Amino acid sequence: MVGLTPELIAAALAPTPPTARIIIGYSGGVDSHVLLHLAAAVPLLRGRITAMYVHHGLQVQAGQWAAHCQQTAAHLAVGFQVLHVNAQPQPGESPEEAARNARYTALKALLAKDDVLMVAQHREDQLETVLLQLFRGGGLRGLSGMPERMAFGEGFLVRPLLAVAKQAIADYALGHGLVWVEDPSNQHSDYDRNFLRNEIVPLLKRRWPALDKTVARSAGHCAEAEAVLSDLAGRLAAPVFNPADQTLTISRLLAYSEAEQKGVIRHWLQGLHVKMPSQNLLARLQTEVLAARPDASPVVATADYCLRRYQDKLYCLPAHSLSLATGVWPQGQAAFVLNARQCLQCVPASTGIALTVWQQSCVEVRARQGGEKIRLPHRQGRHSLKKLFQEAGIPPWERELVPLVYLDGQLAAVGGYWLAAEFYCQSENACLRICLSKLPKAHDEMAFVD
């Protein structure tokens with residue numbers, strides 16, 4: 001049995017720099033109270049702990065619970081903060097999922113480099129997580145349960161009590177005279193996790209008393225197997241993956257067995273931070289997209305993204321298309337934001353548009369209308385944009401998001417791809433080059449934070 005002592009917390013935080021902040025998710029319940037009580041007793045953590053109460057706005061007693069948590073934190077001489085989140089479910093999202101997503105998104109934003117968020121999930125929480133994944137048809141990754149330590153935002157998420165039995169936590173709380181709050185919603189068995197906790201797990205433990213320990217052991221085996229397969233998938237993906245546009249080369253992918261193809265695709269999508277595809281979607285991808293004619297443009301879509309091919313590449317694209325902002329590029333502004341994903345930038349260069357011409361012109365950003373032509377430096381004649389896009393292998397859906405830059409009404413540049421011969425010049429440090437740049441995208445780690 002794992003001993004519940006302050007040394008358990010110190011050991012879990014051993015890899016953490018001594019200056020890092022420690023945020024403890026503190027709901028006021030018995031589990032998080034025990035975690036906070038243990039952490040407050042670690043001398044090296046003195047002055048570094050903040051007890052964080054997440055106010056979901058779902059319970060009328062939430063304000064009273066926050067006050068209780070604040071008093072407890074003051075008694076333990078640790079910092080305290082209330083974090084308000086919007087936990088209203090989005091379409092297709094369960095109340096449990098909405099609260100969890102809102103909570104972790106808000107907490108993640110608080111962590112600076114090397115900071116640690118500690119949460120009080122224990123061995124029976126792990127049991128419930130693995131059972132839920134099993135009932136949902138989860139693969140090895142889901143059946144691995146929750147890790148004890150994982151990257152989270154700029155810092156880390158740590159679960160020091162994950163190998164501790166629920167009964168040991170209850171015994172510690174009673175033995176130290178702790179006072180905690182009880183959330184009445186925990187008794188509502190209409191939530192999946194509560195149904196398992198209140199109805200199913202007690203029945204199973206009557207037959208198999210050590211169930212939480214044995215299932216945790218199985219989760220560990222799954223985690224080891226998942227690590228090996230993930231490493232293998234990464235090595236198989238390396239010669240297939242194209243870093244420049246984050247695509248897969250289909251002809252190389254098809255050289256693998258069907259099982260290897262699935263492993264590579266899952267590895268690729270995990271790296272893109274999108275939700276893992278179902279078994280059915282993977283099967284459709286293999287039969288409808290990978291096996292399609294090279295000149296076909298098949299699509300397999302989920303609610304969040306779509307998978308499609310162009311020439312010999314497999315793309316993962318957002319499910320909802322983006323629009324393109326247009327208008328006058330303000331004088332003196334180095335960038336023009338086009339949408340949530342990309343912007344135009346002008347940077348100093350030795351070849352490009354003359355700086356004086358740029359400064360003296362009315363610069364406009366426009367969308368394609370069709371039929372545009374451009375004369376390129378060092379090439380004869382005028383070329384249609386459609387033909388240039390085809391020559392460059394730019395997929396059709398990306399062409400509509402390539403902005404056109406006009407100087408005093410004359411086409412001067414096509415995104416960051418081509419510059420009109422009429423505006424091309426060479427002059428050291430007296431030119432501007434137009435670049436199409438991606439904006440940083442916020443995303444959730446795919447590791448388990450159930």
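Some values worked out for this structure:
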quantity: Accessible area (Å², 1.4 Å probe, nearest 10) - Ser27; calculated: 70 Å²
quantity: Value of relative contact order over the chain, rounded to a whole percent, pairs C-alpha under 8 Å and six or more apart; calculated: 11 percent
quantity: Principal-axis tilt of helix 211-237 within the chain, Cα atoms, nearest 10 degrees; calculated: 20 degrees
quantity: Extension gain (nm, one decimal) between Ala163 and Glu422, 0.36 nm per residue minus Cα-Cα; calculated: 86.3 nm
quantity: The range 294-394: C-alpha gyration tensor shape, a/c 1.5 cut-off, then a/b vs b/c; calculated: oblate
quantity: Accessible solvent surface per residue of the range 339-432, calculated while the other protein chains remain in place, 1.4 angstrom probe, Å²; calculated: 51 Å²
quantity: Positive-end extreme of charge dipole, the chain - chosen from Ser94, His273, Pro239 (charges on Cβ); calculated: Pro239
quantity: Lys/Arg +1, Asp/Glu -1 at C-beta; the chain dipole; positive extreme among Leu45, Ala223, Leu314; calculated: Leu314
quantity: Helix 62-75 vs. the chain, principal-axis angle (Cα, 0 to 90°, nearest 10); calculated: 70 degrees
quantity: Electrostatic dipole magnitude of the chain [Cβ: Lys, Arg +1; Asp, Glu -1; Cα centre; debye, to 20]; calculated: 920 debye
quantity: At R0 = 60 Å, FRET efficiency that the Cβ-Cβ distance of Glu148 and Leu376 yields, to 0.05; calculated: 0.55
quantity: C-alpha long axis of helix 30-40 to longest principal axis of the chain, angle in °; calculated: 80 degrees
quantity: Förster-model FRET efficiency, 56 Å R0, Ala301 and Ala74, C-beta, rounded to 0.05; calculated: 0.60
quantity: FRET efficiency, 1/(1 + (r/R0)^6) with R0 45 Å, evaluated for Phe135 and Ser437 via beta carbons; calculated: 0.50
quantity: Extension gain (nm, one decimal) between Val357 and Arg252, 0.36 nm per residue minus Cα-Cα; calculated: 33.1 nm
quantity: Pair Ala14, Leu178: separation of 7 Å Cα→Cβ label points (nm); calculated: 2.3 nm
quantity: Span from the the range 45-91 Cα centroid across to the the range 240-301 one, whole angstrom; calculated: 43 Å
quantity: Other-chain or far-sequence residues with amide H under 5 Å of Glu154's (modelled H); calculated: Leu111
quantity: Projected label distance in nm at Glu398 and Ser230, using a 7 Å step from Cα toward the beta-carbon; calculated: 2.9 nm
quantity: Listed peptides 197-203, 416-422 by packing density, highest first (mean Cβ within 10 Å); calculated: 416-422, 197-203
quantity: Cα shape, the chain, gyration tensor, a/c 1.5 rule; calculated: prolate
quantity: Label zone at Lys205 (point 7 Å along Cα-to-Cβ), backbone N below 13 Å, the range 110-141; calculated: 122-128
quantity: Shape category assigned to the range 43-178 from the gyration tensor of Cα positions, a/c cut at 1.5; calculated: rounded
quantity: ³J(HN,Hα), Karplus 6.51/-1.76/1.60, whole Hz, each residue of the range 47-53, x for Gly, Pro; calculated: x, 10, 9, 10, 7, 10, 9
quantity: Rounded accessible area of Asp190 (nearest 10 Å², 1.4 Å probe); calculated: 120 Å²
quantity: Reachable lysines from Lys373, criterion Cα separation under 25 angstrom, eight or more residues apart if same chain; calculated: Lys386, Lys387
quantity: Listed residue (Val363, Ser384, Leu76) projecting farthest to the positive dipole end of the chain, Cβ model; calculated: Ser384
quantity: Cβ-placed point charges (K, R +1; D, E -1), dipole of the range 264-369 about Cα centre in debye, nearest 20; calculated: 220 debye
quantity: Choice from Pro15, Pro239, Pro89 showing the highest fluctuation, given a GNM over the chain with Cα pairs closer than 10 Å; calculated: Pro15
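The values are calculated or read from the model by the stated rules, or taken from the named source; none is laboratory data. Owing to the predicted nature of the structure, the values given are computational and were not obtained by experimental measurement. We place every Cβ from the backbone using ideal geometry, glycine too, and count neighbours over all the protein chains shown. Remember, those area values only see protein heavy atoms, side chains included, never the ligands or the DNA or RNA. Shrake-Rupley method; radii C 1.70, N 1.55, O 1.52, S 1.80 Å.
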